[in-house]
Amino acid sequence: MNDQKVAIITGGSSGIGRATAVALAKEGVRVVIAARRATEGEETLRLVKQAGSDGIFVETDVANENDVKSLVDKTIKTFGRLDYAFNNAGVVEDSTSFVDQTSSVFDNIMNINVKGVWLSMKYEIPQMLKNGGGAIVNNSSGLGVIGVPQFPVYIASKHAVLGLTKSAALEYAKSGIRINAVAPGAIDTEMFEQFVGGNKQLRETMNAMHPIGRVGKPEEIANSVVWLLSDKASFVTGHTLLVDGGFVSR
């Protein structure tokens, strides 16, 4: 990685996306931060510059095709190229009985978690082909490879991300574009804090669900993404990297 490389990170306003933006900036990569929340996105941009690199923030709803096209267009207009992408934007599902979940929640989760990844790759890949290649990482989940009760739509969406990843990886393997996925366990982010709230018992339960004895840190996922994007992972494509503290291996 060097200072000529350019990366798009969706969902870059907080958590794993922000940590990855900073990690890439430390590697000299220029970062395009995409998110719906402008104030938080601009804060990530400040941290990117503080880490010694450059970037821009583009307000983006990944479920909106025009927004995603505009995001990639602005990246090319500003930096002239696109080398890496971390398609990270996603939403979670409140614990709900399978039959009590609503169509509107289903549509929202699928639009962001699945359609958003599909649209992102749809517009990222052509620009990477112009460079002769690139690398993409999609954010799935440990729940993208297993099932648990009461989160059916979220789990279905994260399984779908892996299907998109594998299919695209095979299609573009000989074109110099590597496409992989990370599958995190529970990570101590703003989203996780909203989930556990002030419930100490729930927090302890979440820690205990991971054999390593704790939930993960955003930086631990970021480091994995940076590796998958880098030439150190040059023979890795179509792969799902579990970064889950042993959660799936229980």
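The values are calculated or read from the model by the stated rules, or taken from the named source; none is laboratory data. From a predicted model like this one, the values you see are computed outputs, not experimental measurements. Ideal geometry is used to build each Cβ from the backbone, glycine not excepted, and the neighbour counts take in all protein chains shown.
Can you find even one residue in region 199-222 that is part of a helix (DSSP H, G or I), within 30 Å of Arg30 (Cα to Cα) and out of contact with any helix residue (DSSP H, G or I) (no Cβ under 7 Å at 6 or more places or on another chain)? Yes: one or more hits. The number of residues in region 183-198 that are among the acidic types (Asp, Glu), part of a helix (DSSP H, G or I) and under 30 Å from Ala135 (Cα atoms) comes to 1.
Applying a threshold of 6 Å to beta carbon distances and a minimum spacing of six or more residues, or different chains, the list of pairs starting in region 223-250 at a residue that is over 20 Å from Leu164 (Cα atoms) and at pLDDT below 95 and ending at one that is surrounded by fewer than 20 Cβ atoms within 10 Å (Cβ to Cβ) and among the polar types (S, T, N, Q) is empty. Restricting the first member to region 72-97 and to residues that are more than 14 Å from Val29 (Cα to Cα), and the second to residues that are of a type in the set (Ser, Thr, Tyr) and assigned to a helix (DSSP H, G or I), the beta-carbon pairs closer than 6 Å and six or more apart or on different chains are Val72/Tyr123; Asn87/Ser120; Val92/Tyr154; Glu93/Tyr154. Considering the conditions (1) in a helix (DSSP H, G or I); (2) buried (at least 17 other Cβ atoms within 10 Å of the Cβ), Ala173 is excluded by exactly one of them, (2).
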